[in-house]
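Enquirer: Please find one structure pasted underneath; my questions will follow.
Laboratory data are not the source of any read-out in this text; all were calculated from the coordinates shown. Predicted, not measured: the structure shown is a model, and the values here were computed from it. Every residue, glycine among them, receives a Cβ derived from its backbone with ideal geometry; neighbour counts consider all protein chains shown.
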Amino acid sequence: MKGYASAHFEQFGPEENQTLLVKLLGEIRNNKPLITQMQATPRFERYFKEGRENERKNKDAEELGHSINMYHIAVEMAQLDPQLDSVAVSKMKLAALIHDIGELEDGDVSYDEKQESDEAKEVESFLKNVNSFFPGLSAHEIELIKSVYFEIAFAKDKTKGEARYFNMIETAGYLNAALQEFESKSDSIDWQWLCANILHNQGKKIVCLIEEMPVTGAYLRQKKEVLKSMIDWAEEHIGSVRDFSAEDLVVWREILAKI
């Protein structure tokens with residue numbers, strides 16, 4: 001991918017990259033204690049629930065919801081964006097699978113409530129547990145996983161290079177979660193609040209991404225019908241659902257006009 005090179009991966013070709021990706025998926029699928037810990041972690045239930053309506057219904061979607069959703073968003077972005085080469089696609093998939101692993105001990109903190117101290121705990125937990133989470137990976141592969149985590153998934157500067165691209169994918173992942181919950185309207189989760197909260201938190205960010213990275217608009221264009229329905233619903237319920245405001249409505253109407 002032009003302009004998104006990562007120093008740790010300069011010699012990491014497509015075949016090695018794909019091999020690591022396949023091994024990581026195998027580690028996650030077969031590590032029952034890891035899956036059990038995911039299921040028991042406070043607020044980490046979204047890790048599963050956000051994927052339950054995924055059109056690609058398989059074992060991955062059942063177990064890894066949010067991260068698998070982002071994994072597939074990376075695939076879709078590759079189809080829409082000619083700049084995203086095979087090595088970059090694999091790194092985005094790897095980043096998607098591991099980006100929330102650091103939340104397993106203390107649970108996920110809502111996007112609008114997360115503090116620097118929460119992020120520091122995530123990093124500490126990731127470093128402490130990465131070897132035990134993926135015992136089948138070699139020391140070299142663990143180092144590559146760490147470089148993906150710190151340079152892409154959890155980079156301090158998310159405005160440049162591959163970290164910027166992954167940040168866009170993560171934002172699309174948040175919105176995709178809201179669209180899924182809006183369509184399913186499941187009683188097992190407060191979908192009204194989740195949809196309103198994501199619309200409130202992500203709107204202005206998505207406006208900027210559409211302007212800076214056209215692939216964002218191309219991706220959202222595929223979901224415009226459902227997105228419009230969700231925005232119409234949010235407008236109808238302004239004042240009765242938390243977070244979503246008249247200002248948010250203006251932003252999302254602007255987004256619909258852009259896509």
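Enquirer: How far apart, in nanometres, would the label points at Q83 and E254 be if each is projected 7 angstrom from Cα along the Cα-to-Cβ direction?
Expert: For the pair Q83/E254, the computed spacing is 2.2 nm.
Enquirer: How far apart, in nanometres, would the label points at Q222 and E119 be if each is projected 7 angstrom from Cα along the Cα-to-Cβ direction?
Expert: Distance between the two pseudo-spin positions: 2.9 nm.
Enquirer: Something else about it: Using a 7 Å offset from the Cα along the Cα-to-Cβ direction at both N30 and K205, what is the distance between the two label points in nm, to one decimal?
Expert: With each label point 7 Å from Cα toward Cβ, the separation is 3.5 nm.
Enquirer: Counting other Cβ atoms within 10 Å, keep those with at most 16, restrict to DSSP loop, and tell me which trypsin sites (Lys or Arg not before Pro) in region 167-215 are left.
Expert: Of the trypsin sites (Lys or Arg not before Pro), the ones in loops of region 167-215 whose Cβ has at most 16 other Cβ atoms within 10 Å are K185.
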